[in-house]
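Below you'll find the structure, written out as structure tokens, and then a few comments.
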Amino acid sequence: MDRRSVIKAGGAGALAMTVGSVVPPVARADEASGAAPLRFNRDGKFKIVQFNDTQDDHRIDRRTIELMNRVLDSERPDLVVLVGDNINGGPNTELEAKQALNNVIQPMERRGIPWAATFGNHDEDSTPRTGFDETDMLRFFRAYQHNMNTAGAKDVTGTGNMNLLINDSRGGKPAFNVWLLDSGRYAPKQIAGQDFAGYPTWDWLRADQVRWYLDASEKLERRAGAAVPSLMFLHICLWEHRFMWFASVDSRTDGDHARAVEKHSILGERNEDECPGPFNSGMFSAIQHRGDVRGVFCGHDHINTYMGNYYGVLLGYGPGTGFGTYGLGGEANHHVRGARVFNLDENVDGVLAETHNLFAKDYGIDMSNTDQSMDPLPLPR
């Protein structure tokens with residue numbers, strides 16, 4: 001299925017926010033020492049929820065917030081990651097851009113859940129009108145009480161590339177690590193006088209980002225005394241996501257996929273072509289070299305939900321969370337709106353014990369293909 005855009009009509013909706021029990025505010029990560037303000041629970045468990053492609057304007061579809069609320073209340077995660085395309089190109093002013101972001105931040109803030117975000121290709125679509133770019137957005141994120149973003153790696157392509165350590169249940173040493181990388185926006189019009197006609201026109205991880213990961217991973221291993229298992233989150237998928245689905249680089253037949261399901265233990269749906277950038281960044285090769293990343297999970301392709309084991313590394317998608325952007329189309333448009341859950345256990349080899357998707361349809365949320373936009377949630381002081 002080709003990528004599609006959905007332009008929302010006007011309309012009003014109501015939203016009843018449910019507020020979970022609030023935990024004390026978390027301390028921000030010490031960027032100089034790499035100290036970890038997060039830690040595994042007493043039972044050695046830690047849960048992460050991934051939301052991606054909330055992708056709406058200041059008048060968000062109320063069901064996006066309802067889905068986030070329901071997932072947070074049922075799962076009670078220890079950390080939430082927003083994996084890009086947090087907003088779309090709809091805002092016309094800086095205030096509207098802030099309201100659009102605040103809408104998808106409030107479900108975590110009202111519950112006192114630590115959260116962090118990275119960026120997608122659409123987050124700056126409104127910047128030419130609003131003047132509010134990703135640097136401003138990152139500063140806006142960091143003003144919230146429960147946000148875990150740091151200022152990000154210096155002199156590296158992208159905004160807010162970072163890692164977030166989680167200490168073991170005794171608080172003595174890092175037991176797990178979360179990488180958040182900015183996979184960019186769109187390819188330039190030309191390189192060396194050549195355009196990208198016939199090639200994907202999304203962005204890609206750059207060599208300095210790959211080098212930063214390699215250096216930071218090595219430094220962390222030296223400090224911890226061993227490689228620290230981790231998950232990597234980025235918005236735009238790697239080329240290896242596409243290779244895995246067919247267990248092939250060039251051939252893409254049903255027979256190839258049947259072989260891939262067996263070979264790579266693939267679960268989930270592929271309802272559209274993967275949309276990586278025109279160049280392979282080499283990040284997967286770097287991950288193989290280091291051996292610390294247990295899985296790479298992305299968004300971007302809203303209606304893909306699959307996951308598989310690609311040569312020892314899980315590659316997968318979080319289903320698109322937002323109801324205000326393209327879906328399956330027709331009456332089934334919203335049927336794969338959802339979130340991904342990661343269950344960590346410090347007593348399990350590799351720490352990542354399990355991951356699965358949750359879907360809005362299983363929470364009894366209205367699946368009708370209608371606009372249900374609402375007034376923006378109040379901005380905090």
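Mean-square fluctuations from a GNM of the chain, with a 10 angstrom spring cutoff on Cα atoms, peak among 209, 194, 99 at 194.
Starting from the Kirkwood Rh over alpha-carbon pairs, what translational D in µm² s⁻¹ does the stretch 137-240 have by Stokes-Einstein at 20 °C and 1.002 mPa s?
Working: Rh = 15.8 Å.
Roughly 136 µm²/s, to the nearest whole number.
Going by accessible surface with a 1.4 Å probe and the largest first, 248, 230 read 248, 230.
In whole Å and largest first, what semi-axes does the C-alpha gyration tensor of the stretch 171-224 yield when each eigenvalue is scaled by 5 and square-rooted?
Values: eigenvalues 251, 27, 7 Å².
Each semi-axis is √(5λ); the values are 35, 12, 6 Å.
The modelled label-to-label distance between residue 219 and residue 253, using points 7 Å beyond Cα along the C-beta direction, is 5.0 nm. If you take all other residues with their beta carbon under 12 Å from the beta carbon of residue 178, and give Lys and Arg +1 and Asp and Glu -1, the sum is -1.
Taking Lys and Arg as +1 and Asp and Glu as -1, the other residues whose beta-carbon sits under 12 Å from that of residue 362 total +3.
Any idea what the relative contact order of the stretch 126-237 is, in percent, if you count C-alpha pairs under 8 Å spaced at least 6 apart?
Working: 136 pairs, mean separation 25.6, N = 112.
Dividing the mean separation by the residue count of the stretch 126-237 yields 23 percent.
For the stretch 135-149, backbone phi angles converted through the Karplus equation (6.51, -1.76, 1.60; θ = phi - 60°) give residue-by-residue couplings of 4, 5, 5, 5, 4, 4, 4, 6, 7, 7, 4, 9, 6, 10, 5 Hz, Gly and Pro being listed as x.
So what is the relative contact order for the chain, in percent, with contacts set as C-alpha pairs under 8 Å and at least six apart?
Numbers: 881 pairs, mean separation 85.6, N = 381.
Relative contact order, the chain: 22 percent.
When every alpha-carbon pair in the stretch 196-270 is counted, what percent end up more than 22 Å apart? When all Cα pairs of the stretch 196-270 are counted, 48 percent exceed 22 Å. Backbone amide hydrogens, once placed in the peptide plane, bring residue 167 within less than 5 Å of 38, 39, 40, 175, excluding anything fewer than 5 places away on its chain. Extension gain for the segment residue 262 to residue 226, taken as residue separation times 0.36 nm less the Cα-Cα distance, is 9.7 nm to one decimal.
Ordered by 1.4 Å accessible area with all protein chains kept, 219, 45, 189 run largest first as 189, 219, 45. Spacing of the modelled spin labels on residue 194 and residue 349, each 7 Å from Cα toward Cβ, amounts to 4.5 nm. Volume of the convex hull of the stretch 63-164 (Cα atoms only), normalised per residue: 96 Å³. What does DSSP give for the chain in terms of the percent of beta bridges that are antiparallel, rounded to the nearest 5? Expressed as a percentage, antiparallel bridges in the chain total about 55.
Of the residues 135, 187, 104, the one whose Cα sits farthest toward the positive end of the charge dipole of the stretch 103-225, with +1 on the Cβ of Lys and Arg and -1 on the Cβ of Asp and Glu, is 104. Over the chain, dividing the summed -39,500 (n - 2.57) contributions of all DSSP H runs of at least 4 residues by the number of residues returns a 222 nm mean residue ellipticity of -7000 deg cm²/dmol. Assuming charge only on the beta carbon of Lys and Arg (+1) and of Asp and Glu (-1), the dipole of the stretch 204-243 about its Cα centre is about 60 debye to the nearest 20.
Of the cross-linked pairs 47/219; 98/173; 45/361; 47/189; 189/361, those separated by over 30 Å at the C-alpha level are 98/173; 47/189; 189/361.
Computed from the Cβ-Cβ distance with R0 of 35 Å, the FRET efficiency linking residue 154 to residue 47 stands at 0.65. DSSP bridge analysis restricted to the stretch 224-320 gives an antiparallel fraction near 45%, rounded to the nearest 5. With every protein chain in place and a 1.4 angstrom probe, the accessible-area ranking of 42, 59, largest first, reads 42, 59. In vacuum, with every alpha carbon of the chain counted as one equal point scatterer, what does the Debye formula give for log10 I(q)/I(0) at q = 0.08, 0.14 Å⁻¹? Two decimals, please. For the requested q values the scattering log ratios are -0.37, -1.26. Dipole magnitude for the chain: about 900 debye, using +1 per Lys or Arg Cβ and -1 per Asp or Glu Cβ, origin at the Cα centre. For residue 62, the accessible surface of its heavy atoms amounts to roughly 50 Å² (probe 1.4 Å, protein chains only, rounded to the nearest 10). In order along the stretch 72-89, phi translates into HN-Hα couplings of 5, 6, 7, 9, 6, x, 8, 7, 10, 10, 9, 9, x, 6, 5, 9, 10, x Hz, rounded to whole numbers, per the Karplus curve 6.51 cos²θ - 1.76 cosθ + 1.60 with θ = phi - 60° and x for Gly and Pro.
In square nanometres, what is one fourth of the surface area of the convex hull spanned by the alpha carbons of the stretch 234-381? All intermediate terms of the calculation are to be shown ahead of the outcome.
Numbers: hull surface 49.6 nm².
It is 12.4 nm².
The values are calculated or read from the model by the stated rules, or taken from the named source; none is laboratory data. This structure is a prediction, so every number in the text was calculated from the model and none was measured. Heads up, the Cβs are rebuilt from the backbone with ideal geometry, glycines too, and the neighbour counts pull from every protein chain shown. Ligands, DNA and RNA are excluded from the accessible area calculation, which covers all protein heavy atoms including side chains. Shrake-Rupley method; radii C 1.70, N 1.55, O 1.52, S 1.80 Å.
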